[in-house]
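The values are calculated or read from the model by the stated rules, or taken from the named source; none is laboratory data. Remember, predicted model here, so these are calculated numbers, not experimental data. Every residue, glycine among them, receives a Cβ derived from its backbone with ideal geometry; neighbour counts consider all protein chains shown.
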Amino acid sequence: MKGAAQETPGIGLRSFRAKFVLVVGGAVLFDLLVTGGLALWNVQRLSRDAATEVGQGLEQANQDYIRSYAESTAARVNLLLSQVHSDVGTLAGVLQAQIDRPVRKSQIGEAMARGVPGTVNVVYNEKGGWAQNLPGPLSVVSVWGYLLDAGHNPLPEVQTEIENSAVLDLVAPSLLANGQQKLQMYYIGPKERPIFRTAPYTDQAQTFDELYPGHNSENFWTFFFPGLYESWEQWAIDPQSRPVQKDITQTAPYTDAITGRLIVSFFEPLWSRDRRQVAGVAGADITLDQLAEIVENVRVADSGFGFLAMSDGNVVAINPTGERVMGLRAANETGSQGVTGLDRSLRRSAQSAIANLPLDRDGLLQHVYLNDNGEKVPYLILLKQLQPSNLWVSGPVRRETMQLGIVVPEREIYASLFAAQAGISEATNRILIYQVLALLVSLLFVITAVFAISKRITSGISALAEAAKRIQVKDYSVRVAIPTRDEVGEAGAAFNRMAEQISYHTENLEQLVEDRTREIEGANLQISALNEQLRSENLRLGAELAVARRIQMMVLPKAGELEEIKDLEIAAYMRPADEVGGDYYDVLKDGSRLKIGIGDVTGHGLESGVLMLMVQSVTRALQEAGEMDPALFLNRVNRAIYKNITRTSTNKHLSLAFLDYEGGRLTLSGQHEELIVIRDPGNVERIDTLDLGLPIGLEPDISPFVAIREVPFGCGDMIILHTDGVTEAEDRNGELFGIERLCESARRRYGRNAEEVKIGIIEDLMAHIGAQKIHDDITLVVMRHR
């Protein structure tokens, strides 16, 4: 029996230890699994975030690269066009100088005729019906049949045009040899005599006969460039009608009659001396190859390409690979009249995404899918607008903004992005493997540690459990001895202190309860006495405030007093924010003289109300004493109020202004809010009183600051006096009623009697305030001259 009794505690300890190992080990294992799982989840999330951030960064970088590439390519095209514009402008400047200085023009023409006769002498071609100079000079000049007389010689004015245009031989060779490469430069005469002089020399008229039958019997400008000359004529009348505010005009690409190549012509019209008529044109041609070379040499990634398109979608430059990828269909237009152009429109593309590209948005970067042998391949397309120009295409000149396009497969431009994402994924998998291994090692270590310390911990806990049982049976003398210096040892020390405190409080509990009861009863008696005292004080203060409010309202002008005033209608409204207000207004009458006062004490409440009553009493006393001079009256009011404020040691003061009325004469003095005068519905005057006085009660003598101002006040005029409680009243959004709303409310009611105006303004004010608390005293006085 004795042996069995001794084994029972051992069985209990082993059972608790098993529970401890199971619970603590399970909790730690669960914590490790959760922590490890969260770590793995965070690694994956960080991997996704990193891939996203890197992807967005690389995507933005690639897009910025495409944009930068497009801008630099567009700059090259713009530079080419600007150089050609410059060369044409130089030639036009020389020819325009000829026109503006007729003497110089004739002198150069005569010198060229003497020095190089071939430049001005033309020979009639019987087969073609036109005249042209023979080879030898630097330029060829063609004279169409309708510009020849019966003897097949140029008409006199045409011959003069031929001689004067010979200056082209002096200028064109240098311009052709320098600057941007040009196919040819030329001068074309006005519509009445459109001779055609071109450098270098070519079989110009013969080529025209071959390509454009019938041209020799038609006006040159109407036949080849219908609508172009008429546009220039309109510019001479109205320069602002130019689509782009410069004279240079270019054509859409067309087939050159002389070389057979696709070219772009650049014209600059010449003007008569008075600038009211077209006097000819200077021009130059460049091959479309020069523009196409810049665009076709675009290289983005491995197979990216560029294209150049008109605003209507006609592609004028693209390499063969780009033409195939974009599904473009090319066709040449031919006809018997006009020049031949290139038609290769995006709108007729076999690729629907290309056909629907918006061409009116500069810098547009679009993701599209293009069909490549039955596969949908993603592409990036960037459109960049070139500088605008005046463009002719078989009609009036219009504004043209060509588009430079960059097309690149996404799989090529984003190759670095895909590689970076693959690298991040590989690194993530490696980290996950390391995390799993670390988790397994941690689990093994935790299991070993739990078994190792379970015995040490459970022995101290068992001792605490036994001591707790003895406390339960009211054995407060029990103490535990746990030698360990860990949390269990601290728990044993705390248990011992608790046992001591329980023992002490148990022995002294009844005495403590009795002491606490006496203390609570005494505190209750004190609280009851204080409550009774507070009730009495509140009743007394309420009665005093009610008396003060009644006194304050009693001293205000009565309606009967105001009605006795013959010349004026006066209506007033006062509403304190608290039981007692700090606003002041009064109407003092001394025979035919009236003094209308309005003021506002700082703050509101009892002190402000008392100060308001002081002001009313002082002003009434001064009026009874016969003191009605505005400046003296205001200064004496200030002296009396200043002394009372000093005596009462209060920090209050007030703004105060008076209107003195006698025999139709109105005088304003004192500093307060703006005075509003309405003379008719369209005439609202606001009078600032800042320079007419100083706040009352700040200084013992304010006479240096007091000034008076005469205010015209005729029949039908209306004056509004108010305190800041009107203009600073807030709605639920904190917006103030404001002086503008007050003026507008009074202006709308001009012509009504003073009482109606007052009621209307107060209605507008209360509608603005709504359910909001009124934070300041409100006073309004309306005066109307009968």
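Details
- If you filter segment 650-705 down to residues that are of a type in the set (Asp, Glu) and surrounded by 14 or more Cβ atoms within 10 Å (Cβ to Cβ), you find that the one that is farthest from LEU611 (Cα to Cα) is GLU685.
- Restricting segment 464-473 to residues that are assigned to a helix (DSSP H, G or I) and at pLDDT 75 or above leaves a set whose member that is farthest from the chain's Cα centre (by Cα) is ARG470.
- Of all residues in segment 200-231, those that are closer than 21 Å to ILE286 by Cβ and within 55 Å of the chain's Cα centre (by Cα) total 3.
- Among the residues making up segment 706-730, those that are part of a loop (DSSP other than H, G, I, E, B) and out of contact with any Gly (no Cβ under 6 Å at 6 or more places or on another chain) are ALA707, VAL711, PRO712, PHE713, GLY714, CYS715, GLY716, ASP717, THR723, GLU728, ALA729.
- Annotation note: of GLU730, GLU740, the sole residue that is among the charged types (D, E, K, R), assigned by TED's automatic domain parsing to the domain that holds ALA559, closer than 25 Å to ASP688 by Cα and touching a strand residue (DSSP E or B) at 6+ places or on another chain (Cβ under 7 Å) is GLU730.
Here's the yes/no breakdown for (1) in a helix (DSSP H, G or I); (2) modelled with pLDDT under 90; (3) surrounded by fewer than 20 Cβ atoms within 10 Å (Cβ to Cβ); (4) charged (D, E, K, R):
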| position | (1), (2), (3), (4) |
| --- | --- |
| ALA113 | yes, yes, yes, no |
| ASN121 | no, no, yes, no |
| TYR124 | no, no, yes, no |
| GLY128 | no, no, yes, no |
| LEU134 | no, no, yes, no |
| SER142 | no, no, no, no |
| TYR187 | no, no, no, no |
| GLU192 | no, no, yes, yes |
| THR207 | yes, yes, yes, no |
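- Residues that are surrounded by fewer than 23 Cβ atoms within 10 Å (Cβ to Cβ) and either in a helix (DSSP H, G or I) or on the phi < 0 side of the Ramachandran plot (or both) within segment 165-181 comprise ASP169, LEU170, VAL171, PRO173, SER174, LEU175, LEU176, ALA177, ASN178, GLN180, GLN181, listed in sequence order.
- Residues that are in a strand (DSSP E or B), out of contact with any Lys or Arg (no Cβ under 6 Å at 6 or more places or on another chain) and either at pLDDT below 95 or under 25 Å from GLY605 (Cα atoms) (or both) are absent from segment 739-754 altogether.
- Test result for VAL315, in a loop (DSSP other than H, G, I, E, B), crowded, with 17+ Cβ neighbours inside 10 Å and of a type outside the set (Gly, Ala, Ser): no
- Whichever residue in segment 380-402 is of a type outside the set (A, V, I, L, M, F, W, C) and closer than 14 Å to TRP232 by Cβ and, among such residues, is surrounded by the most Cβ atoms within 10 Å (Cβ to Cβ): ASN390
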